[in-house]
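Working notes, structure below.
The values are calculated or read from the model by the stated rules, or taken from the named source; none is laboratory data. Everything numeric in this text was worked out from a predicted model, so none of it was measured. Virtual Cβ from ideal backbone geometry, glycine too; neighbours counted across all protein chains shown.
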There are 2 protein chains.
Amino acid sequence: MSRYSVGVDFGSESGRAVVVDVADGRQLGSAVYAYRHGVIDARLPLPGRDVALPPDWALQDPDDYLRVLQTAVPEALAAAGADPADVIGLGIDFTACTMLPTRADGTPLCLLPELRAEPHAWVKLWKHHAAQPEADRINEAARRLGEAWLPRYGGKISSEWFFSKALQILDEAPDVYARADRLIEAADWVVWRLTGVETRNPTTAGYKAIWSKRDGFPSPAYFAALDPRFGDVVDAKMSRAIARTGDRAGGLTAEAASWTGLREGTAVAVANVDAHVAVPAATVVEPGRMVAIMGTSTCHMVLAAGEHLVPGICGYVEDGILPGYFGYEAGQSCVGDHFAWFVENAVPGRYHAAARELGVDIHELLQEEAARLRPGESGLLALDWWNGNRSVLVDAELGGLLVGATLATTAPEVYRALVEATAFGTRVIIEALEANGVPVTEVVAAGGLAQRSPFIMQVYADVTGKPQRIPVSDQVPALGAAMFGAVAAGAAAGGHATIADAAAAMARLSDVRYDPDPATRDAYDTLYREYVRLHDYFGRGGNDVMKTLRGLRSRAKAGVA
Amino acid sequence: MSRYSVGVDFGSESGRAVVVDVADGRQLGSAVYAYRHGVIDARLPLPGRDVALPPDWALQDPDDYLRVLQTAVPEALAAAGADPADVIGLGIDFTACTMLPTRADGTPLCLLPELRAEPHAWVKLWKHHAAQPEADRINEAARRLGEAWLPRYGGKISSEWFFSKALQILDEAPDVYARADRLIEAADWVVWRLTGVETRNPTTAGYKAIWSKRDGFPSPAYFAALDPRFGDVVDAKMSRAIARTGDRAGGLTAEAASWTGLREGTAVAVANVDAHVAVPAATVVEPGRMVAIMGTSTCHMVLAAGEHLVPGICGYVEDGILPGYFGYEAGQSCVGDHFAWFVENAVPGRYHAAARELGVDIHELLQEEAARLRPGESGLLALDWWNGNRSVLVDAELGGLLVGATLATTAPEVYRALVEATAFGTRVIIEALEANGVPVTEVVAAGGLAQRSPFIMQVYADVTGKPQRIPVSDQVPALGAAMFGAVAAGAAAGGHATIADAAAAMARLSDVRYDPDPATRDAYDTLYREYVRLHDYFGRGGNDVMKTLRGLRSRAKAGVA
């Protein structure tokens, strides 16, 4: 008899539910619900009221998450033709840090009529970047006070993180802060809605909220140094009880069962993060193989048995990805976004016309032309910093660079240089990990870019010198969430005892693999040396022209002569 | 009674004749003849025979020059309604160094049936770049032997110069070299055809053939060091008799009179170079005001009373532009070409569509959008080296650079950054001249870009801090040639005694002028400091990545892995 698990992947614009067979990971049905209010970055979605948001804000409506449960899950079940009696577990993954303030019973503050028009009462999406002043204060105080946790996060935390966002609420809307009984990740809030029990996951706590299994959260004294009212933030608004990855958070409530069409009591897994849940879904349950989720940006994850300080990575968390390992995370902030910007802003119409004529995507056309070039043939080299640099420089103020253009330079040549630049950026991350004791033997690349572009994957193999593997599933986060659902159900219920067991049964790599071409080695080693030299010159203080330019731009835009 | 002078401007693709009034410079008629064979860079124009040319070759057909005299001059006279009896003089200007081998009577070797299929028998156009090995040998030997002339040319001569081309003939076609009674600038060859007398002009001799009024040519010993057969090149194939700028070379022969429709004996001026003849036509007959001829590339000329070594300029020649002054020349190899490349290769179709819809040129559209930005607002900075750097680095191997791009960067922002980069390049040249004793008080900018683009001229004024003036004539080289024709005729014939007199009467500045906007000063000073820092880092050996990239490109194109 078949047993199924449901995975729900909450993205930035929509939520996707999949129904998979726990025996082999086969996807039997899926459905997507596009959030009614999407990313709220201009004005609150309030009929008849106009509440504009400042720059860099990004909010969401928590009701959109419930609509995913009410719409996409039943649709996926129907598509799969699965009997709810055969569904043994449910797991979810989420963007992070995406957080909201609630009452003690879990009611989002933004649903209270008197707080509906208060932006700080809504969900702050991961890419809400308006808490930079708070992040700066958090980092400055951590350095000043010699906080031991700072090196675990590469020496700097970002405006996207939990305490930056929480402190911004306190700074700008102290009444909202005061009324918030809980400050909670949206991932955990959804699990709370599903199970009726507030359960905090260790992944967002570890990667986004400065928590570790050994040391817990930063001390009240540290938080008080940021603001006396912030000293008790953990005890008053959060929880020191952090669940374990792979555990069962609880069973579906009757209400949640009615939303989803699943049976009451169905096992629900502890929540997880989209990138992290993808690791076992990409077959990785041991040290050495890196998982890269390649989309608009890229997230890199790798496991290691021990604890290593790696300057410039996003962070590492014990048991943060899989129990028993330290999970290291790094990132590149401009990958698919980079190519999308280029195609939109720097490719002449004749290429678009040719793509239309051939009936192919413009990226496909450019990649085909770029693929005909040998390494070095473009004569170009770029620094992939159009959106700053996440790892290993952790500097959002850096800008893009292109060098070597001539009057014969063509759009496919620039496209190739941009692809190569992102691959060099990945190689920098891999070398930083390896130099600090975290070996990387090969890369399992998931996400749209990895699935769609053999050209890009071959460049990555050649540049990094690491084989690139591709998972069979094109929905690895949702599959990963379903795998955790099967583990939450447990082996006795027909699921799996551990996530490693689930991975062995349910995750597969495609036969497609990209191995480094030794013939490209010399040229790419030469180009990489030049990349690193420019990287260090412009990224480590040799020449701060990128920051000077950003400062001039800000002044000019502000109308300062 | 009106008196007229004819100016003939021999360009790369065509020749233009103008008829002007010697009293006020008013242009009464003009006509253009497009060379039948244009720039010959792929195969010789021989019916039934296929003679392919190697890369970097650029030849011309000397008969095309005679067709300009036979076609454009009579047409211009007809358009002007001028009586040939009232035409007192004729002057010509030419690209340089454009040179050819001839027999003793002036017959081009390429017209001899037995040499017709020999590429080295044809005219080598200024942009024939295949003599780089010879230029390298010339520079190397000059440094080794401590030749006193080398510093006058900024320390390096180029593959475009006379002796590079002459030595290439000897190297590759010694029989053509042996049969050449004369090696001569095309400018001087045309004057020879017009007057029947071989007359060598001092401008090409000084700027392109290492001649000076005080020291003459390099010594036979030096030439012999390049190749023993080359020791007597000056005495055997050229002439040590160099005429003076502004002198009469002779009178029109009966044959040339029949070609042109002018009267036999009409005064013909000593030949001159297009950029240099433009100086007095731009009203400049004294030190201090720089003339910039802005087209695909830019040529800068400025006069000074004394002799100053200015590192990195193209050269200086006593009496080379105007008698009584040292004429300094510098250049930027990528100006209009830069913007043309950008529009063709990096501007999305929607801008082209918008320009078509508005009925404006794409450059006009982009300039209008770019003009709305404040200095610094693009957040971008470029090095204008898409075609290498002529002054002050004299390095064709350098490449372009763009820094500061973000995911919000637009095509008009990049366009503005490229315009600004060429302006920063001009400021580097001006500062090099001024730092070495050659002051520049303002710039008279001629050529298509200066005439057509108020936006570009305002950026140049703001960046350089120098007012930019524009001549009334949009054909300054042809006007300048006609002015020299009027001087060759002399005051007694109704012309002018000196080129200064001719300039006072015939050259005019437009009322349009561009003055530096003090409000832009701080931002541009900051950007210029950053430009110079990048310029010196990438251009003076701090980081040779551009050369490494060029080397990789050459190897890749050659199929070397």
Of those in segment A:486-504 that are over 25 Å from the mean Cα position of the chain (by Cα) and in contact (Cβ under 8 Å) with a residue 60 or more places away in the chain, the residue nearest to residue A:465 (Cα to Cα) is A:496
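Which of the residues belonging to segment B:211-234 are more than 15 Å from residue B:178 (Cβ to Cβ) and out of contact with any strand residue (DSSP E or B) (no Cβ under 9 Å at 6 or more places or on another chain)?
Once the filter is applied, which keeps residues that are more than 15 Å from residue B:178 (Cβ to Cβ) and out of contact with any strand residue (DSSP E or B) (no Cβ under 9 Å at 6 or more places or on another chain), segment B:211-234 yields B:215, B:217, B:218, B:219, B:220, B:221, B:222, B:223, B:224, B:225, B:226.
Each row is one residue, and each column tells you yes or no for (1) crowded, with 20+ Cβ neighbours inside 10 Å; (2) within 24 Å of the chain's Cα centre (by Cα); (3) not aromatic (Phe, Trp, Tyr).
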| site | (1), (2), (3) |
| --- | --- |
| B:404 | yes, no, yes |
| B:409 | yes, no, yes |
| B:418 | yes, yes, yes |
| B:426 | yes, yes, yes |
| B:429 | yes, yes, yes |
| B:442 | no, yes, yes |
| B:445 | yes, yes, yes |
| B:448 | no, yes, yes |
Within segment A:134-156, residues under 22 Å from the mean Cα position of the chain (by Cα), modelled with pLDDT of 90 or more and not in a helix (DSSP H, G or I) come out as A:149
Counting only residues that are without any contact (Cβ under 8 Å) to a residue 24 or more places away in the chain and closer than 26 Å to residue B:6 by Cβ, segment B:161-212 contains a total of 0
Would you be able to say whether some residue in segment A:113-133 is part of a loop (DSSP other than H, G, I, E, B), surrounded by 20 or more Cβ atoms within 10 Å (Cβ to Cβ) and among the aliphatic types (A, V, I, L, M)?
yes
Of those in segment A:89-134 that are in contact with a Leu (Cβ under 8 Å, 6 or more places away or on another chain) and among the polar types (S, T, N, Q), the residue nearest to residue A:77 (Cα to Cα) is A:95
Margin query: Residues that are more than 12 Å from chain A (Cβ to nearest Cβ) and modelled with pLDDT of 95 or more: does segment B:403-419 have at least one?
Written below: yes
query = Being within 14 Å of chain B (Cβ to nearest Cβ), buried (at least 19 other Cβ atoms within 10 Å of the Cβ) and part of a helix (DSSP H, G or I), is that true of even one residue in segment A:246-258?
reply = no
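Table: residues versus (1) in contact with a His (Cβ under 7 Å, 6 or more places away or on another chain); (2) in contact (Cβ under 8 Å) with a residue 60 or more places away in the chain.
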{"position": "A:378", "(1), (2)": "no, no"}
{"position": "A:383", "(1), (2)": "yes, yes"}
{"position": "A:387", "(1), (2)": "no, yes"}
{"position": "A:391", "(1), (2)": "no, yes"}
{"position": "A:411", "(1), (2)": "no, yes"}
{"position": "A:417", "(1), (2)": "no, no"}
{"position": "A:427", "(1), (2)": "no, yes"}
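Any residue at all in segment A:549-560 that is at positive phi, part of a loop (DSSP other than H, G, I, E, B), within 9 Å of chain B (Cβ to nearest Cβ) and more than 28 Å from the chain's Cα centre (by Cα)? Let's see the steps before the verdict.
So the first thing to find is which residues in segment A:549-560 are at positive phi, and the list is A:559.
Of the ones still in play, those that are also part of a loop (DSSP other than H, G, I, E, B) are A:559.
Checking which are within 9 Å of chain B (Cβ to nearest Cβ) leaves us with A:559.
Narrowing the set further to residues that are more than 28 Å from the chain's Cα centre (by Cα) leaves A:559.
Taking every residue of segment A:549-560 in turn, at least one turns out to be at positive phi, part of a loop (DSSP other than H, G, I, E, B), within 9 Å of chain B (Cβ to nearest Cβ) and more than 28 Å from the chain's Cα centre (by Cα).
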Only one of (1) farther than 16 Å from residue B:449 by Cβ; (2) of a type in the set (A, V, I, L, M, F, W, C); (3) in contact with a Gly (Cβ under 9 Å, 6 or more places away or on another chain) does not apply to residue B:355, and that is (3)
Is it the case that some residue within segment A:286-307 is at pLDDT below 95 and within 14 Å of chain B (Cβ to nearest Cβ)?
yes
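Within segment B:311-320, how many residues are under 24 Å from residue B:281 (Cβ atoms) and either of a type outside the set (D, E, K, R) or surrounded by fewer than 15 Cβ atoms within 10 Å (Cβ to Cβ) (or both)? So that I can check it myself, show each step before the final result.
So in segment B:311-320, the residues under 24 Å from residue B:281 (Cβ atoms) come out as B:313-320.
So of that shortlist, the ones also either of a type outside the set (D, E, K, R) or surrounded by fewer than 15 Cβ atoms within 10 Å (Cβ to Cβ) (or both) come out as B:313-317, B:320.
Total satisfying the criteria: 6.
Of the residues that make up segment A:514-521, is at least one closer than 30 Å to residue B:403 by Cβ and assigned to a helix (DSSP H, G or I)?
Scanning segment A:514-521 turns up at least one residue that is closer than 30 Å to residue B:403 by Cβ and assigned to a helix (DSSP H, G or I).
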Flagged in segment A:510-527 as surrounded by 15 or more Cβ atoms within 10 Å (Cβ to Cβ) and more than 12 Å from chain B (Cβ to nearest Cβ), in numbering order, are A:514, A:516
Every listed condition ((1) closer than 26 Å to residue A:205 by Cα; (2) small (Gly, Ala, Ser); (3) modelled with pLDDT under 95) holds for residue A:271 save (3)
Scanning segment B:323-346 residue by residue, those within 7 Å of chain A (Cβ to nearest Cβ) and within 18 Å of residue B:433 (Cα to Cα) turn out to be none
If you go through A:403, A:394, the only one that is among the aliphatic types (A, V, I, L, M) and out of contact with any helix residue (DSSP H, G or I) (no Cβ under 7 Å at 6 or more places or on another chain) is A:394
Scanning segment A:528-547 for residues that are within 7 Å of another protein chain (Cβ to nearest Cβ), part of a helix (DSSP H, G or I) and in contact with a Lys or Arg (Cβ under 9 Å, 6 or more places away or on another chain) gives A:545
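Of all the residues that make up segment A:90-112, how many are part of a loop (DSSP other than H, G, I, E, B) and of a type in the set (Asp, Glu)?
Filtering segment A:90-112 for residues part of a loop (DSSP other than H, G, I, E, B) gives A:95-98, A:103-107, A:112.
Applying the additional criterion that residues be of a type in the set (Asp, Glu) yields A:105.
Count: 1.
Kindly evaluate residue B:75 against the criterion of being surrounded by 15 or more Cβ atoms within 10 Å (Cβ to Cβ) and out of contact with any strand residue (DSSP E or B) (no Cβ under 9 Å at 6 or more places or on another chain). Lay out the reasoning, then the answer.
On the way: surrounded by 15 or more Cβ atoms within 10 Å (Cβ to Cβ): yes; out of contact with any strand residue (DSSP E or B) (no Cβ under 9 Å at 6 or more places or on another chain): no.
No: the conditions fail for residue B:75.
What strands (runs of 3 or more DSSP E) completely inside segment A:1-46 contain at least 2 residues that are aliphatic (A, V, I, L, M) and surrounded by fewer than 20 Cβ atoms within 10 Å (Cβ to Cβ)?
On the way: elements: A:4-10, A:14-21, A:27-34.
Qualifying strands (runs of 3 or more DSSP E): A:27-34.
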A careful count of residues in segment B:444-482 that are in contact with a strand residue (DSSP E or B) (Cβ under 7 Å, 6 or more places away or on another chain) and at positive phi gives 1
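Looking at segment B:347-402, which of its residues are more than 10 Å from chain A (Cβ to nearest Cβ), part of a helix (DSSP H, G or I) and surrounded by 17 or more Cβ atoms within 10 Å (Cβ to Cβ)?
The first filter runs over segment B:347-402 and keeps only residues more than 10 Å from chain A (Cβ to nearest Cβ), leaving B:354-372, B:384, B:389-397.
Filter once more, so that each one left must be part of a helix (DSSP H, G or I): B:354-358, B:362-371.
Matches in segment B:347-402: B:355, B:362, B:363, B:365, B:366, B:367, B:369, B:370.
Conditions (1) within 22 Å of residue B:408 (Cβ to Cβ); (2) under 25 Å from the mean Cα position of the chain (by Cα), marked per residue:
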position	(1), (2)
B:307	no, yes
B:319	no, yes
B:324	no, yes
B:327	no, yes
B:330	no, yes
B:350	yes, no
B:361	no, no
B:372	yes, no
B:385	no, yes
The correct count of residues that are within 23 Å of residue A:246 (Cβ to Cβ), part of a strand (DSSP E or B) and touching a Leu at 6+ places or on another chain (Cβ under 7 Å) in segment A:445-497 is 1
